[in-house]
Amino acid sequence: MNPYEILSVDDDILVVNKLAPLPVLKDKTGDEDLQSLLKREHEEFADFLEAAHRIDRRTSGIVVFARNIRALQTLEKEFRTREIQKTYIACLEKEPVPPSGELRHTIIFDKRRNLSIALPCGDNAQGVLAEIHYSLISRSDRYFFVQVEPLTGRHHQIRAQFAATGCPIKGDLKYGARRSSPSGRIMLHAWKIAFPHPHTRQLISLTADFPNDETLWEVLKASLAVNPAEGET
């Protein structure tokens, strides 16, 4: 499988579907990162290409890059002020109860372990508030697919919050999954994004297809084809 798919590109932005378990930016491992890979493989991105945000190394889905400093500053502001709407799909090992709702936790980040700990709100005054809205949209015999809209932007918050409810994401050993996935990814996908273009202000709305090397993603795609309203945002 290709490590990425280009979804949209113009003079100001590049939007990519990250398909491989690689970091968006260089990290302490020294492994290949998406930003460097794009610059190396596309001469037109060599002069300036900066990620406006990140998704986790072992997740897949949409990543937005800026192609000039003005676009970068605008996109970073839009992410900080929550003007950018993001929708994820997570495959859970257990059925969430209730099937839809909001999760609110206090997040404490353990830098040494690169781990976010989600606690009931009010249990620790030093943490930060994390909120997500979720809804169950499909299931297989053993797994459950939820559509997730983050209401805050905390480190690993979707992974940590579902783990705190006893519903870890498939393949996410760090947060309590039973086993890893053959692909090396966890089954959390940055599925949709909507944001005003940093220059024209026209609304950009994009959807990233699921990786094609996990049978469970095919199960979800078949379900959405039969019941497309379940996947609307």
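Bear in mind that the values in this text are calculations on the coordinates, not laboratory data. Quick caveat: nothing in here was measured; it's all calculated off a predicted structure. Here the Cβ positions follow ideal geometry from the backbone for every residue, glycine too, while neighbour counts run over all protein chains shown.
A few comments on the model shown:
- Loop sites in segment 15-76: chymotrypsin sites (Phe, Trp or Tyr not before Pro), DSSP, at most 15 other Cβ within 10 Å: 48
- Expressed as a fraction of 2.2 N^0.38 Å, the value expected for a compact globular protein of N residues, the C-alpha radius of gyration of the chain is 1.00.
- Folded to 0 to 90 degrees: helix 215-226 orientation relative to the chain principal axis, Cα: 90
- When the Cα positions of 22, 211, 105 are compared along the charge dipole of the chain, 105 comes out farthest toward the positive end, with charges on each C-beta of Lys, Arg, Asp and Glu.
- Translational D in µm²/s for segment 82-167 (Stokes-Einstein at 4 °C, 1.567 mPa s, Kirkwood Rh from C-alpha pairs): 97
- Helix 69-80 and the long axis of the chain differ in direction by around 20°, with both axes built from C-alpha atoms.
- Averaging the sequence gap over all C-alpha pairs within less than 8 Å and six or more residues apart, then dividing by the number of residues, gives the chain a relative contact order of 19 percent.
- Greater than 20 Å apart at Cα, pairs in 170/221; 39/86; 111/174; 192/221; 39/77; 28/174: 39/86; 39/77
- Size-normalised alpha-carbon gyration radius of segment 8-126, reference 2.2 N^0.38 Å: 1.27
- Unit charges on C-beta of K, R, D, E only; dipole of the chain, Debye: 860
- Computed over the chain, the per-residue total of -39500 (n - 2.57) for DSSP H runs of n ≥ 4 gives a 222 nm mean residue ellipticity of -5000 deg cm²/dmol, rounded to 500.
- Span from the segment 83-98 Cα centroid across to the segment 9-70 one, whole angstrom: 24
- Largest to smallest principal axis extent of the C-alpha atoms in segment 130-233, angstrom: 46, 33, 24
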